[in-house]
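Everything on this sheet refers to the single structure shown next.
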Amino acid sequence: MKLMKRLMAGTVAGVLVATLFASAAHAAEPAAAPAPAAGVNTFNRLMKPKSDRNPAQANDGIHDPTCEGTGLLQLPKEAFKDMPEASSGNYVDWVQALNKQLIKPRYDRKNPNEEPVVLDLDIVREVKGTMPDVVYPHDRHTMWLDCSNCHPDIFIPEKGKNQISMAMILMGQKCGVCHGKVAFPVAECRKCHSKKKDGSGGGKPAAQAEPAKSEPAKKPTK
Amino acid sequence: MGKSHIHKPKRNFILWLMALLMLASGVEIVPQAQAEYGDVVINNQSDKAGMRPPIFPHWFHRIRFRCKVCHADLGFKFQAGGNQINMLKIIDGEFCGACHNGEIAWSVENCDVCHSGKPGTPTQVHGSTVQKLIGKPAPAAGQK
């Protein structure tokens, strides 16, 4: 188990480091002439420009542009136009979008008025080293998810009974089951590492207007 | 990186710290398709059946439904390709068919709207951290 984890972390890091070295080698080459030849010496060679975000399905690489259905799909940019921005993933802050009621996703397949069962319980996980401690907020999760989505398969519902590390998260386990696939990805460190170590202030990012929280949580009526 | 003088656990730590640094910078460096984060391609049987693989967009559905509806009430497991979905189950009202039935959402005869993937695209969650790191689609069904 321990060896597996180390191996995993090692492989992941190895791949990345190799890429890093590859790009560093390029960076070390003499600076480009004042008027760089278009194409090869663009300012950002590896980082994608902002305009490439939320591309149309027809040129996103996985949809078939020759398929009629592809042309019928909604463009992500159109749907996200008025949504609060985030710096990665869908580039949408889904927590705020929900809190501000810019979206009203159903909690029940058929009944649009069913309210979620929200649990307001923060779990703090202390982190060794310089990174701020992790605050796991039940409220922001139970607005979307059911207890059974995490308990007991991903997490035993008892503080301290679960071993979690960044290597596991990066490999898609624990928090990484969702973060890095559908929920905001690992790049946004401070959303999880939100509690300062000296105890002064910190805590999870403030939620603006949380209508769902002020109402008492109701049990589903099924 | 064969022979290194750095003690092994320490070396691993440094390696993965560097990995983190790169992730933190948000730079997506592995060249790949740029599809929307969370798009799931399901291709256990489609290629073999001569259909384009279906693509499930999470972003579109989460605007309309909470995760709980699909992942708790309808029983979709958190695993791309891990639910053994097929057309018979869909027309019997399971999985996609719980909604794509002409009542909650448009019905199954619109084959192309679901089956819109490039032929040969493997099962994957698009933009997943694992996919980015390894540079190939996240492991499909059967592993957890």
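The values are calculated or read from the model by the stated rules, or taken from the named source; none is laboratory data. This structure is a prediction, so every number in the text was calculated from the model and none was measured. For the accessible areas, the whole protein counts, side chains as well, though only heavy atoms, and no ligand, DNA or RNA atoms are used. Shrake-Rupley method; radii C 1.70, N 1.55, O 1.52, S 1.80 Å.
Could you sort B:ASP92, B:ASP112 by accessible area so the largest value comes first, with the probe set to 1.4 Å?
Numbers: B:ASP92 110, B:ASP112 55 Å².
Descending order: B:ASP92, B:ASP112.
Taking the Cα centre of each part, how many Å lie between the range A:139-178 and the range A:116-131?
That distance is 11 Å.
Figure the gain on full extension for A:CYS189 and A:GLU115 (residue separation times 0.36 nm, minus the Cα-Cα span) and round it to one decimal in nm. Let's see the in-between values first.
Details: separation 74, 0.36 × 74 = 26.64 nm, distance 3.02 nm.
So the extension gain works out to 23.6 nm.
Explain nothing, just the number: relative contact order of the range A:85-206, from Cα pairs under 8 Å at least 6 residues apart, as a whole percent. Display every interim value, and only then the final one.
On the way: 126 pairs, mean separation 29.0, N = 122.
Relative contact order here is 24 percent.
Please report, to one decimal in angstroms, the Kirkwood hydrodynamic radius of the range A:85-206 built from all distinct Cα-Cα pairs. Provide the component values of the computation, followed by the final result.
On the way: mean 1/r = 0.0638 Å⁻¹.
One decimal place: 15.7 Å for the Kirkwood radius.
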